[in-house]
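Below: the structure, in structure tokens.
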Amino acid sequence: MPETARRIVLASRPVGEPKPSDFRLEDFPVPQPGPGELLLRTKFLSLDPYMRGRMSDAPSYAKPVGVGETMEGGTVSEVAASNNDKFAKGDIVLSHTGWQTHALSNGAGLRKLDPSVAPISTALGVLGMPGMTAYSGLLEIGQPKAGETVVVSAASGAVGSVVGQIAKIKGARAVGIAGGPDKCKYVKDELGFDECVDHRAGDFPAQLKAACPKGADVYFENVGVPVFDAVLPLFSPFARIPVCGLIAQYNATEAPPGPNRLPVLMRNVLTKRLTIRGFIVTDFAAKFPDFIRDVPQWIKDGRIKYREDIAVGLENAPEAFMGLLKGKNFGKQLVRIAE
Ligand SMILES: NC(=O)c1ccc[n+]([C@@H]2O[C@H](COP(=O)([O-])OP(=O)(O)OC[C@H]3O[C@@H](n4cnc5c(N)ncnc54)[C@H](OP(=O)(O)O)[C@@H]3O)[C@@H](O)[C@H]2O)c1
């Protein structure tokens, strides 16, 4: 029986929260590599919040996925067949082949992974794009100093967990914001943050204020409004705010309820001399050698811990992705596509 390949395509552009019918699972024949090409067999697929943006055709920094096209995504793959001198059958590579079991590549953009150095899944998480996002955004924009307070939202997740742990390594006080008591306990007890506050708690703003008695010198923004409303009054003079993500706003179809926040925000920017800077991880590509020098060493030294949340089977990717947008994941969300 010839092997059949499978892919998940964008069936329709979601309005608000994505729903199962926005995705479609399709079978297709396993492609045959031509001259210079490789056949890649996906082992892990990374699910990331940015994929919600790719499902939309609103103007953005990246091209959307077309309706009927394979969903985009980072992958770790095994070379199943090779007509390319640079790769041999059995090599494990970091790839960007999307939500599918098999793909062809000419080798461009692939990075070989050494499974003896780190579990291969980490190339999509703590040692990959999310880890690099945390490292570069915190150090280049946040610039935490010893004794300062660094607040980070989505603190148990792929990016936030690394932000708080690097803040600790730099001698700062780390305050996490996460959804629910289990995630908060993990952030404090396992990751070693000084405090973690549950953004779903009724008195969240008061709890956050109590957790930051000297204010916030850095706020690593991962979620947006309404969590940002609780952080804004806490900023110290000259606070730095790397704006990494706004996941709470990605499904929004209208402005959040409440008054227009812009006048208060601008008053704070002026009087507290805030630096608010958005970034995309690729802006800091030149920092990759530093990242790959520091973070593996910090993991080895036990100073950075990570957690993965692994769904099994391509067919379960849509549900895991929809869950990620609602905080159902606990750690870096991956899908195991093949053993
Ligand atoms: N700028 C860049 O280049 C770049 C690169 C990578 C990631 N990002 C951004 O970084 C952020 C974190 O990404 P990640 O990959 O590390 O994801 P993650 O934190 O592993 O997972 C997403 C988390 O977001 C939180 N969340 C979801 N909806 C929320 C809401 N309405 N209010 C508050 N929190 C909510 C949930 O955590 P709780 O259960 O704790 O609420 C959820 O577990 C995202 O905004 C993403 O877009 C940006």
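The values are calculated or read from the model by the stated rules, or taken from the named source; none is laboratory data. Everything quoted here is computed from the prediction, not taken from an experiment. So basically every Cβ, Gly included, is an ideal-geometry build from the backbone, and we count neighbours across all protein chains shown.
Here Ser95, Ser116, Ser105, Ser136 are screened, and the one residue that is in contact with a Leu (Cβ under 6 Å, 6 or more places away or on another chain) and closer than 27 Å to Tyr306 by Cα is Ser95. Within the set Ala210, Ala178, Ala230, Ala155, the sole residue that is modelled with pLDDT of 95 or more and away from the ligand (no atom under 15 Å from the Cβ) turns out to be Ala210. Cβ separations smaller than 7 Å between residues 6+ apart or across chains give the following pairs from segment 157-168 residues that are in a helix (DSSP H, G or I) and among the β-branched types (Val, Ile, Thr) to residues that are away from the ligand (no atom under 13 Å from the Cβ) and at pLDDT 95 or above: Val162/Ile304. The residue pairs whose first member lies in segment 131-143 and is surrounded by 24 or more Cβ atoms within 10 Å (Cβ to Cβ), whose second member is part of a helix (DSSP H, G or I) and hydroxyl-bearing (Ser, Thr, Tyr), and whose beta carbons are closer than 9 Å, counting only pairs six or more residues apart or on different chains, are Gly131/Thr122; Ala134/Ser161. Looking across segment 1-49 at every residue that is of a type in the set (A, V, I, L, M) and farther than 24 Å from Val93 by Cβ, the one that is surrounded by the fewest Cβ atoms within 10 Å (Cβ to Cβ) is identified as Met1. Filtering segment 239-257 to residues that are away from the ligand (no atom under 13 Å from the Cβ), in contact (Cβ under 8 Å) with a residue 12 or more places away in the chain and either surrounded by fewer than 16 Cβ atoms within 10 Å (Cβ to Cβ) or basic (Lys, Arg) (or both) leaves Arg240, Thr253. When segment 124-152 is filtered for residues that are under 16 Å from the mean Cα position of the chain (by Cα) and either part of a helix (DSSP H, G or I) or more than 12 Å from the ligand (Cβ to nearest atom) (or both), the ones remaining, listed by number, are Leu124, Leu127, Met129, Pro130, Gly131, Met132, Thr133, Ala134, Tyr135, Ser136, Gly137, Leu138. Inside segment 195-231, can you point out the residues that are surrounded by fewer than 18 Cβ atoms within 10 Å (Cβ to Cβ) and either hydrophobic (A, V, I, L, M, F, W, C) or under 16 Å from Ser156 (Cα atoms) (or both)? Residues satisfying the conditions are Arg200, Ala201, Phe204, Ala206, Ala210, Val225. A Cβ distance below 6 Å, combined with a sequence gap of six or more or placement on separate chains, defines the contacts here; from segment 276-304, residues that are closer than 15 Å to Leu138 by Cβ and in contact (Cβ under 8 Å) with a residue 24 or more places away in the chain reach residues that are more than 16 Å from the ligand (Cβ to nearest atom) and assigned to a helix (DSSP H, G or I) in the pairs Arg303/Ile169; Ile304/Trp298.
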